[in-house]
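As structure tokens, the structure follows; a few thoughts come after it.
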Number of protein chains: 2
Amino acid sequence: MNALNVAEYVHTLGLQARVASARMASADAATKNRALRALARLLRENPAPLAEANARDLARAESAGLPPPMVDRLRLTPKVIETVAQGCDQLAAMPELIGDIVGLQQQPSGIRVGRMRVPLGVFGMIFESRPNVTIEAASLSIKSGNACILRGGSEAIESNKALAELVGRALAEAGLPPEAVQLVATTDREAVGQLIAMPEYVDVIIPRGGKGLIERISREARVPVIKHLDGNCHTYVDDPCDIAMAVAVADNAKTQKYSPCNATEGLLVARGVAAEFLPLIGRIYADKGVEMRGDAEALALLAAVPGAKVQAATEEDWSEEYLAPVISVKVVEGLDEAIAHINRYSSHHTDAILTRDHMHAQRFLREVDSASVMVNASTRFADGFEYGLGAEIGISTDKFHARGPVGLEGLTSLKWVVLGQGEIRQ
Amino acid sequence: MNALNVAEYVHTLGLQARVASARMASADAATKNRALRALARLLRENPAPLAEANARDLARAESAGLPPPMVDRLRLTPKVIETVAQGCDQLAAMPELIGDIVGLQQQPSGIRVGRMRVPLGVFGMIFESRPNVTIEAASLSIKSGNACILRGGSEAIESNKALAELVGRALAEAGLPPEAVQLVATTDREAVGQLIAMPEYVDVIIPRGGKGLIERISREARVPVIKHLDGNCHTYVDDPCDIAMAVAVADNAKTQKYSPCNATEGLLVARGVAAEFLPLIGRIYADKGVEMRGDAEALALLAAVPGAKVQAATEEDWSEEYLAPVISVKVVEGLDEAIAHINRYSSHHTDAILTRDHMHAQRFLREVDSASVMVNASTRFADGFEYGLGAEIGISTDKFHARGPVGLEGLTSLKWVVLGQGEIRQ
């Protein structure tokens, strides 16, 4: 396809999605759940076509010399397929949220006014590598009564096409329009530019991927974007706190996994507990090979730990999202300095306080301006599943519409409902 | 100021607003309410400086030859001042919404997860003429714990400065930062361009004004916009319905006032009731001088009404927001055609069905994709006060974040709160 044809093609997808979205919005719960269960069944019944398509992607990736971890992320193993199939079944079992009317109250004029939960309409999702995201996005879209247009990574195009074909069959089986979930079937980059600039057809764009992609989309999109920019998360060890608990949580928050966005990247320690706490956590980090970049006070305490990899933190370290076995460490006077530091350097994703002081906990929750604020828990909990959302379409670092983990509710909106008996405005 | 100085000046306002917003977010309810009551008192105690500033605006407007209705909108009469003062007192009496934690539930890991209502941070408001909007926006901003930057119309600059000065005094009296509410004190148009392009300082822009202004801001803003584009509202008279009630409501929806965005611009009538209903409403519209632009079927019934101003509707009429004594009229087969017509031509602001049929009412509520959907009530009720919001910062025709009348809640967001006892992620 040339650029003009690509634009026209994506435009057609948009028009079809808009038409399908009206059918999806009015579909009842039983119908949508039937489509989700059919999708789970089709995923389990079709290992061969999925494996063949996936093999083509894998062969191409290997011959292109993609690094093995990248190739692994492309792999549609039986376990990956079973996991997404289970996800579809779980969504089918979740309560319906569309059509709910909340807060219906009678007003002085006599009218009763409430709000009804409705789908946003059409969302566009742009993601990289892992083909299982195709099913996650499709199933969330079906359950929430939206239509969606999916643009996966070019390296997974064959797998994504095979998965999208099953989604279309599942929708048709339930009597829903297959155009409710459409895959952009070209790897042309022009398609993204068109997808993010059709406010008449697409209500919101959800990008998932590297910072470069997200920034480009935020800059160029002509529709709202639910975006996750970065995760510079903090754990603040307060005075007073339960030191053993603080050590266990600070360990987990940094080292349970290094790559997730909710791993702690900055450790703040109140001066009153630093001499006791830092050598203990320093020993654990040293054992696990975590490099510590500290301010002078933290360094003095950490340098004495046998085997510790320490160095002086630079100003840049306070803002850094390492996604690696590295952590910045700073000794602070107390709560005020901790909150000020976090509000200045955090990416407003997730920040935690470990404390015994109830007033400090309350102030931290209230004053730290992040999507997730935690007391005495690991920042690694910032996740749609851990929060009980049942599923997650992404994590938002924005304040508008949805913050933090975004589940079904983030794909909906509330419209006003007015029930009258012939009232007129005086 | 030259363009560079204007940009620098607005940038400084942004920085100050961001700093003030942290103080506002953590302010307790009593403090914010003290500021609101102080503002009400100062408005009542200072008629002279307000009148003088306003007189300067009025003199300038008159000598510039502004049409009398425009000059009237600028006028800060004692009644206008008393109304906004009462609004401040009413906001002070409303329950606090910031800091509320909703839906706190324990998860399988042991953590308890809920959501806390928090201010958005800083909003920018761009509005035209009426200076009372300065106080409405300032008081909503204070109550919701936000900071704001207000850009009023150049023709009201002196009045706005005088009002903003009182807001600053009221904030200071309550111990809150006066920079929490700042007026852009220059009429330079460059200031708007800067205000809408500072995502680091401004979280959302709320424009109120003509369609040209809104479209320009939507196009150029680099932050989210809560916008009201236009109001092409419909009233659908269903079969079966209470004809007397339908006549009263269709009359009110069109003629109670012609200029508001929630006035009905399109009347749809089910074929089964058209012969009975249209001559009755036609007589009322004819008496009030409302011009009727109908399809052939409607015209045939309306043309027989003595004194009726009728003409054939063009395709453009179905999309038109008249804001005038004009209405488009179409006979439809029934509910399906009415919903299809509305979803195609409506501006998704407010649409109403007048019916006796419960199933039709349910389908209309569910399937019409508008910010407000009504059963047996006048579209003129689509308003923050009528909906019990206590105050209204604007009406949104978007789906994202907030739809329809936007009150205090629309200026807030929910952040996640996690309460643990040392839980770690497995």
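Kindly evaluate B:Gly307 against the criterion of being away from every other protein chain (no Cβ under 14 Å) and in contact (Cβ under 8 Å) with a residue 24 or more places away in the chain.
no
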Legend entry - Positions within the stretch B:376-426 being in contact with a helix residue (DSSP H, G or I) (Cβ under 8 Å, 6 or more places away or on another chain), over 30 Å from B:Gly110 (Cα atoms) and among the hydrophobic types (A, V, I, L, M, F, W, C), in sequence order: B:Ala377, B:Leu389, B:Ala391, B:Ile393, B:Ala402, B:Leu408, B:Leu411
Inset, instruction - With the checklist (1) in contact with a helix residue (DSSP H, G or I) (Cβ under 8 Å, 6 or more places away or on another chain); (2) on the phi > 0 side of the Ramachandran plot; (3) not hydroxyl-bearing (Ser, Thr, Tyr) in hand, flag the one item B:Val122 doesn't pass. - result: (2)
Inset, instruction - Kindly indicate which of A:Val269, A:Val237, A:Val273 is within 28 Å of the chain's Cα centre (by Cα) and crowded, with 17+ Cβ neighbours inside 10 Å. - result: A:Val237
Inset, instruction - Tally the residues that are assigned to a loop (DSSP other than H, G, I, E, B), in contact with a strand residue (DSSP E or B) (Cβ under 9 Å, 6 or more places away or on another chain) and facing chain A (nearest Cβ under 10 Å), restricting the search to the stretch B:203-240. - result: 4
Legend entry - Exclusive hit being modelled with pLDDT of 95 or more, touching a Lys or Arg at 6+ places or on another chain (Cβ under 7 Å) and not in a loop (DSSP other than H, G, I, E, B), set B:Ala170, B:Ala85: B:Ala85
Inset, instruction - Considering only the stretch A:324-426, give the strands (runs of 3 or more DSSP E) lying wholly within it that have at least 3 residues that are at the interface with chain B (Cβ under 7 Å from one of its Cβ atoms). - result: A:372-377, A:412-423
Legend entry - Residue in the stretch B:323-339 that is in contact with a strand residue (DSSP E or B) (Cβ under 7 Å, 6 or more places away or on another chain) and basic (Lys, Arg) present: yes
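For every residue, the table says whether it meets (1) among the β-branched types (Val, Ile, Thr); (2) part of a helix (DSSP H, G or I).
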| site | (1), (2) |
| --- | --- |
| A:Arg44 | no, yes |
| A:Ala48 | no, yes |
| A:Asp57 | no, yes |
| A:Arg60 | no, yes |
| A:Gly65 | no, no |
| A:Met70 | no, yes |
| A:Arg73 | no, yes |
| A:Ile81 | yes, yes |
Inset, instruction - Of the conditions (1) assigned by TED's automatic domain parsing to the domain that holds A:Ala338; (2) in a loop (DSSP other than H, G, I, E, B), A:Glu200 clears all except one; give me its number. - result: (1)
Inset, instruction - Please determine, by comparing only the residues of the stretch A:94-138 that are without any contact (Cβ under 8 Å) to a residue 12 or more places away in the chain and not in a strand (DSSP E or B), which one is surrounded by the most Cβ atoms within 10 Å (Cβ to Cβ). - result: A:Gln107
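The values are calculated or read from the model by the stated rules, or taken from the named source; none is laboratory data. Since this is a predicted model, take the numbers as computed values, not measurements. Because the Cβ atoms are built from the backbone with ideal geometry, glycine has one as well, and the counts that use them run over all protein chains shown.
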